[in-house]
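Engineer: What follows is a structure written as C-alpha cells; I'll ask about it next.
Quick note: the coordinates plus some simple rules give every number you see, no bench work behind them. From a predicted model like this one, the values you see are computed outputs, not experimental measurements. Quick reminder, even Gly has a Cβ in these numbers, built from the backbone with ideal geometry, and neighbours come from all protein chains shown.
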Amino acid sequence: MKLKKKIPLIDQHDKFGMWGGKFGGNFVPETLKKPIKDLEDLFNKLRNNKSFIAERDRYFKNWIGVPTRFIKLNNLSNHVGGAQIWSKVVSDANGGAHKIYNATVHCLLAKKAGKKFIVGDTGAGYAGKMLSMAAKKFGLKCKIFMGAKDIKRQQPNVKAMKKNGAEVIPVYTGSQTLVDAVSECMRYWVANCDTTAMCVGSTVGPNIFVKICGWSTSQISRELKIQIKKEFGSIPKKVKLYNCVGGGSSSYGFWSEFMDYNKNQVELIGVEAGGPKSSNKHAAPLTYGSKIGILHGAAQYVNQSTEGQIEETESISAGLDYPGVSPLHCFLKDTRRARYTAATDENALDAYKLVTKYENLRPSLEPSHAFSVAIKEAKKMSKDTVVIVNSCGDAHKDKNILKVKLGKKYDQFN
C-alpha cells in the first residue's frame with residue numbers, strides 16, 4: 001500500500017471508493033445509492049470544468065478572502081528557542097475558519113443540482129456557521145444538526161447560525177456531540193434527498209463527501225506553497241507542518257500540495273484530542289491504536305469497545321470531539337506519510353495562553369492542540385527548521401470556555 005506521486009490523495013481510491021483497500025467506501029442504505037451517485041456524477045463533471053472552477057475561485061477571492069496570511073511568530077519563536085515558528089492564519093477567512101471552503105463548494109453544487117434546501121452537521125459550530133453563511137449567500141434554506149452538549153458550549157456560533165436564518169436542530173441522542181449530529185443529519189437526508197442537498201462538514205462519510213471536502217480545503221496548501229516559495233525562494237530543506245485532526249478536513253487541506261515531497265524534507269504531523277488528563281476518554285483513534293470499524297458510511301480507525309460498539313469521546317474542543325477520523329488520514333498513517341500524536345485539554349489551554357501572550361493571534365481550541373505539540377517539539381529543532389502551524393479557527397466561539405477555564409484575563413472578545 002503506497003501513496004502515489006502526482007495524483008491527489010482524494011483520487012487514490014479503488015472502484016469501491018476505498019483507499020488502500022481498507023479505508024473509506026460507501027456503507028450506506030440502498031435509498032442513498034442514487035443520491036450519492038447523482039452527486040458523484042455532478043462533482044466529477046464540474047471539478048474539471050473551467051467555468052465552474054472560475055466561479056469557485058471568484059467566491060473564494062471576493063467573498064471568502066483568499067489568500068489568508070502566512071506569518072512568522074517572531075516573539076513565540078524567540079521565547080521557545082530552536083526552530084522558527086510560523087503560522088498559516090486560515091482563521092482570517094470569512095467566518096473565522098477553514099470550513100467556509102467546503103460550505104461554499106457544497107452550496108454551489110446544490111444550486112447546480114437544482115436543490116432548494118441544504119442540511120449539515122456541526123460540532124464546534126464552525127461547519128454549521130459557514131454552511132448557514134453560504135446558504136444565505138446562495139439563497140438556500142438551511143438546517144443544521146448539532147449535539148445538545150455542543151449547543152451549550154459553542155453558543156457564539158449557534159447565535160451566528162440562527163442570525164443567518166438557519167434552523168439549528170438539537171440532537172439529544174448518545175453523547176449529544178458531533179458523532180450524533182452527523183448520524184441525525186444523514187437520517188434526515190435519507191428521507192429528503194429529492195429536494196435537499198447534504199454537506200458533510202469534514203473529510204468523513206461516504207467517499208464522495210470525503211472527496212468534495214478535500215477538494216475544497218486544498219485551497220489552503222495551494223496558497224501556502226506559493227507563500228513559502230515567495231518567502232524562502234524555494235521549499236526549505238526542513239519543514240514541519242502541524243495541524244489538529246478531528247475529522248481531518250483542515251489538515252488534509254493544509255498538507256495536500258506537499259504529499260509528493262520526501263517526508264525528511266516536509267513532515268506532516270497531525271495532533272488529535274487526547275481529552276482531559278483525569279479521563280480515560282479521548283478522541284484520538286490514530287494515536288492510541290483504535291481498530292478499523294464502520295462509522296457514518298466509511299471504514300476507518302474508530303474508538304470502539306471490545307464488542308465493536310462506538311465509544312463516547314471527551315475533549316474540551318468540540319471540533320475534535322469525534323470517535324473516528326477521515327479515511328484519508330487512516331491511509332496516510334498506514335503509509336507512514338504522516339505522523340500522528342495527541343495533546344490533552346490541559347496542553348491545549350497552556351498553548352493558547354502561550355500563543356496569546358506572545359502574539360496577536362487567538363487560535364481556537366482545535367489548533368491550540370497543534371500549537372501545543374509544535375511548541376514542545378520546536379525546542380529540540382535547529383534554527384533552520386521551519387515549523388508551520390495551521391491556525392484554522394479563531395477562538396471567539398470558545399470565549400465562554402476560556403473564561404471559565406482560564407479566568408477573566410482571557411476573556412478577550414468583549
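Engineer: When the helix-only estimate is applied to the chain (DSSP H runs of n ≥ 4, each -39,500 (n - 2.57), divided by the residue count), what is the mean residue ellipticity at 222 nm, nearest 500 deg cm²/dmol?
Structural biologist: After summing the helix terms and dividing by the residues of the chain, the value is -12000 deg cm²/dmol.
Engineer: Subtract the Cα-Cα distance of residue 148 and residue 22 from 0.36 nm times their separation in residues, and report this length gain in nm to one decimal.
Structural biologist: Values: separation 126, 0.36 × 126 = 45.36 nm, distance 3.30 nm.
Answer, rounded to one decimal: 42.1 nm.
Engineer: If you count, for each residue, the other Cβ atoms within 10 Å and average over each peptide, how do 337-346, 369-378, 256-265, 85-94 line up from highest to lowest?
Structural biologist: Sorting 337-346, 369-378, 256-265, 85-94 by mean packing, highest first, produces 369-378, 85-94, 337-346, 256-265.
Engineer: Label the chain by shape, choosing from rounded, prolate and oblate, from the square roots a ≥ b ≥ c of the eigenvalues of the Cα gyration tensor; if a/c is under 1.5 it is rounded, and otherwise prolate applies when a/b is larger than b/c, oblate when it is not.
Structural biologist: rounded
Engineer: Roughly how many nanometres apart are two label points built 7 Å out from the Cα toward the Cβ at residue 382 and residue 279?
Structural biologist: Between residue 382 and residue 279, the simple spin-label model gives 4.2 nm.
Engineer: Choose one answer from 101, 188, 242: the residue with the largest mean-square fluctuation in a GNM of the chain with alpha-carbon springs under 10 Å.
Structural biologist: 188
Engineer: Starting from the Cα of residue 294, step 7 Å along the direction of its Cβ; do the same at residue 163; then give the gap between the two resulting points in nm.
Structural biologist: 4.2
Engineer: Sort region 29-74 into rounded, prolate or oblate with this rule: let a ≥ b ≥ c be the square roots of the eigenvalues of the Cα gyration tensor; rounded if a/c is under 1.5, and if a/c is not under 1.5, prolate when a/b is larger than b/c, oblate otherwise.
Structural biologist: Taking the square roots of the gyration eigenvalues as a ≥ b ≥ c, region 29-74 is prolate.
Engineer: Sticking with this structure for a sec: Mind checking which of 90, 119, 78 is farthest towards the positive end of region 50-152's charge dipole, using Cβ charges of +1 (Lys, Arg) and -1 (Asp, Glu) about the Cα centre?
Structural biologist: Farthest towards the positive end: 119.
Engineer: Which of rounded, prolate or oblate describes region 220-364 when judged by the alpha-carbon gyration tensor and an a/c cut-off of 1.5?
Structural biologist: Verdict is oblate for region 220-364.
Engineer: Positive end of the charge dipole of the chain (Lys, Arg +1 and Asp, Glu -1 on Cβ, about the Cα centre): tell me which of 256, 103, 234 has its Cα farthest that way.
Structural biologist: Toward the positive end, the furthest listed residue is 234.
Engineer: Could you tell me how far the Cα centroid of region 137-197 sits from the Cα centroid of region 350-372, in Å?
Structural biologist: Cα centroid of region 350-372 versus Cα centroid of region 137-197: 28 Å apart.
Engineer: Can you list residues whose amide H is under 5 Å from residue 146's amide H, if they're 5+ apart or on another chain and H is modeled 1.01 Å from N?
Structural biologist: Residues meeting the criterion, in which the H sits 1.01 Å from N, are 169, 171.
Engineer: Restricting the count to DSSP beta bridges whose residues both fall in the chain, what percent are antiparallel, rounded to a multiple of 5?
Structural biologist: 30
Engineer: Further, regarding this structure: Step through the table entries 211/397; 137/211; 99/399; 277/379; 143/163; 45/137, compare each Cα-Cα distance with 21 Å, and write down the pairs that go over it. Let's see the in-between values first.
Structural biologist: Details: 211/397 27 Å; 137/211 23 Å; 99/399 19 Å; 277/379 23 Å; 143/163 13 Å; 45/137 23 Å.
Distance filter (> 21 Å) returns 211/397; 137/211; 277/379; 45/137.
Engineer: Here's something else I'd like to know. Tabulate in residue order the Karplus-calculated ³J(HN,Hα) for region 371-377, using 6.51 cos²θ - 1.76 cosθ + 1.60 with θ = phi - 60°, rounded to whole Hz; enter x for Gly and Pro.
Structural biologist: Taking θ as phi minus 60°, the curve returns 4, 4, 6, 4, 5, 4, 7 Hz for region 371-377.
Engineer: So, with +1 on the Cβ of K and R and -1 on the Cβ of D and E, and no other charges, what is the size of the charge dipole of the chain about its Cα centre, to the nearest 20 debye?
Structural biologist: 1180
Engineer: So, in Å, what gap is there between the alpha-carbon centers of region 24-93 and region 377-398?
Structural biologist: For region 24-93 versus region 377-398, the Cα centre distance is 19 Å.
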